[in-house]
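None of the figures in this text is laboratory data; all of them are computed from the coordinates on show. Given the structure is predicted, the values throughout are model-derived calculations rather than measurements. Cβ atoms come from the backbone with ideal geometry, glycine included; neighbour counts cover every protein chain shown.
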Amino acid sequence: AFISLRQMLDHAAEHEYGVPAFNINNMEQLVAIMAAAEKTASPVIIQASRGARAYAGEIMLRKMVEAAVETWPSIPVCMHLDHGDKPATCLSAIQSGFTSVMMDGSLEADGKTPASYDYNVAVTSKVVEMAHAIGVSVEGELGCLGSLETGHGEKEDGHGAEGVLSRDQLLTDPDQAKDFVLRTHVDALAVAIGTSHGAYKFNREPTGDILAMDVVKAIHERLPNTHLVMHGSSSVPQDLQEIFNSYGGAMPQTWGVPVREIQLGIKYGVRKINIDTDCRIAMVGQFRKIATEKKAEFDPRAFMKPAMASLTALCAQRFEEFGTAGQA
Ligand code: G3H
Ligand code: 13P
Ligand code: NA
Ligand code: ZN
């Protein structure tokens, strides 16, 4: 059944677990994720970016997720807009059946320029007012995640898209977080703690000087009833990098967010964990493998089936690790 993010995360808080939010663009990703949710009896957040909505089309996305809910009736599903860039985008997602939207007012509508605090409060409040009127939940974001455009290994030094920002300027300020939630009434808050989107987060295994779990703790102390969200939470597992690279891939050695740090985050109030990159690598590693091993193969299903199995295995593992398993 469809449920709102608020309902899902209230349950997660009560029972002290986290829910992964997996990004989808197509039927195969959705089916593979749902198969893992079914196998582990987990609630799940299915999220679509603006890019995903442009790729699959509004109607196709909506009907696919409706089909998933009908196919797996025992699994609670939240359909979430990832990184809404402006109130109009959030409104169109709500009209299209999303049960939750993210208004990312940490950046201006160009998706690049760090926004002022007042701008963020204004656009986020506006979306909350619209969404809450009809039972849709809202995620806001405060602080600067590493830039999507930044190259390999640069973020931990604080070089964002706008040049050099100090580490403290990038991270969410806990006192400001409290003010932000009180003023906007968001259901969930994405915090910046040193992660970034994509595969190239860290050029070594991250430790406390890189990943600011202490900031999560400080925010949770000030906002014990606000659900926190970790973006950029792919772990970029070494074994998936190895499969990718064994079959002709050229992914430079990289490190993501260790699962044990996410588990620590869950102790500090993190309830939604955004994962896209791991899902991509899990699937495309298998495309590479089939393309290499079966050079005469041209049936797309021969590529899709192992790719889906690999994604299902990854998702099932995260449901177990985050304590989501058995909660559906
Ligand atoms: O926020 C980033 C997500 O991984 C979505 O990426 O914009 O390429 O769909 P995308
Ligand atoms: P990853 O790139 O680490 O998977 O993060 C995804 C994300 O935060 C989507 O909003
Ligand atoms: Na999101
Ligand atoms: Zn994100």
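How would you classify region 213-328 from its alpha-carbon gyration tensor, with a ≥ b ≥ c the square roots of the eigenvalues: rounded for a/c under 1.5, else prolate if a/b is greater than b/c, otherwise oblate?
Because a/c hits 1.5 or more and a/b exceeds b/c, region 213-328 counts as prolate.
Using θ = phi - 60° and the Karplus relation 6.51 cos²θ - 1.76 cosθ + 1.60, list the HN-Hα couplings for region 36-42 in order, rounded to whole Hz, with x at every Gly or Pro.
5, 5, 5, 4, 9, 6, 10
Among Ile24, Tyr200, Gln7, whose Cα lies farthest out toward the positive end of the dipole of the chain, if unit charges sit on the beta carbon of Lys, Arg (+1) and Asp, Glu (-1)?
Ile24
Tell me which residues come under 5 Å, amide H to amide H, from Trp255 once H is placed; ignore anything under 5 positions away on its chain.
Sorted by chain and number, the residues that satisfy this are Lys201, Phe202, Arg204.
Evaluate Rg over Rh across region 42-101, taking Cα atoms for both radii and Kirkwood's formula for Rh.
Rounded to two decimals, Rg over Rh is 0.96.
Assuming 0.36 nm per residue, please report the length gained on full extension of the stretch Arg204 to Arg167 beyond their Cα-Cα distance.
The span from Arg204 to Arg167 would gain 11.6 nm if fully extended.
Tell me, what HN-Hα J-couplings in whole Hz come from the Karplus equation 6.51 cos²θ - 1.76 cosθ + 1.60 at θ = phi - 60° for each residue of region 243-251, using x for Gly and Pro?
Rounded to whole hertz, the list is 4, 4, 7, 5, 10, x, x, 9, 9.
Looking only at region 164-318, where both bridge partners belong to it, what percent of the DSSP beta bridges are antiparallel (to the nearest 5)?
Antiparallel bridges: around 10 percent, rounded to the nearest 5.
So for Ile75, Ile193, Ile94, fewest C-beta neighbours within 10 Å to most, what's the order?
If I rank by nearby Cβ atoms, fewest first, I get Ile75, Ile94, Ile193.
At 4 °C and 1.567 mPa s, what whole-number value in µm²/s does Stokes-Einstein give for the translational diffusion of the chain, with Rh from the Kirkwood sum over Cα pairs?
65 µm²/s
Could you work out the percent of alpha carbon pairs in region 259-298 separated by over 14 Å, rounded to a whole number?
63 percent
Give, rounded to the nearest 20 debye, the magnitude of the charge dipole that the chain has about its Cα centre when Lys and Arg contribute +1 at Cβ and Asp and Glu contribute -1 at Cβ.
760 debye
Grab the other residues whose beta carbon is less than 11 angstrom from that of Val186, score K and R as +1, D and E as -1, and report the net.
-1
Among His231, His15, which comes first, then next, by fewest other beta-carbon atoms within 10 Å?
Fewest to most other Cβ atoms nearby, the residues stand as His15, His231.
Restricting the count to DSSP beta bridges whose residues both fall in the chain, what percent are antiparallel, rounded to a multiple of 5?
Of those bridges, close to 10 percent are antiparallel.
Counting only other residues whose beta carbon sits under 14 Å from that of Ser246, what net charge do I get with K and R as +1, D and E as -1?
That works out to -1.
With a 10 Å Cβ neighbour count serving as the proxy for reagent exposure, in which order, fewest first, do His83, His197 appear?
Taking fewest neighbouring Cβ atoms as first place, the list is His197, His83.
Given the DSSP H assignment, sum -39500 (n - 2.57) over each helix run of at least 4 residues in the chain and divide by its residue total; what's the result at 222 nm in deg cm²/dmol, nearest 500?
Taken over the chain, the calculation gives -14500 deg cm²/dmol.
Translational diffusion coefficient, Stokes-Einstein: compute it for region 66-117 using the Kirkwood radius over C-alpha pairs as Rh, at 10 °C and 1.306 mPa s, and state it as an integer in µm² s⁻¹.
The diffusion coefficient I find is 128 µm²/s.
Under the Karplus relation 6.51 cos²θ - 1.76 cosθ + 1.60, θ = phi - 60°, what is the ordered set of whole-Hz ³J(HN,Hα) values for region 126-138, x standing for Gly and Pro?
Per residue, the Karplus-derived 3J(HN,Hα) values read 4, 5, 4, 4, 5, 5, 5, 4, 10, x, 9, 8, 10 Hz.
Amide H of Ile3: which non-local residues (sequence gap of 5 or more, or other chain) have their own amide H closer than 5 Å, using H built in the peptide plane?
Placed amide hydrogens put Val77, Cys78, Met79 under 5 Å from Ile3.
Among rounded, prolate and oblate, which fits region 1-107 when a ≥ b ≥ c are the square roots of the eigenvalues of its C-alpha gyration tensor, a/c under 1.5 means rounded, and a/b larger than b/c means prolate?
It is oblate, given that a/c is not under 1.5 and a/b is not larger than b/c.
Defining a contact as two alpha carbons under 8 Å apart and six or more residues distant in sequence, what relative contact order in percent does the chain show?
Reported relative contact order: 21 percent.
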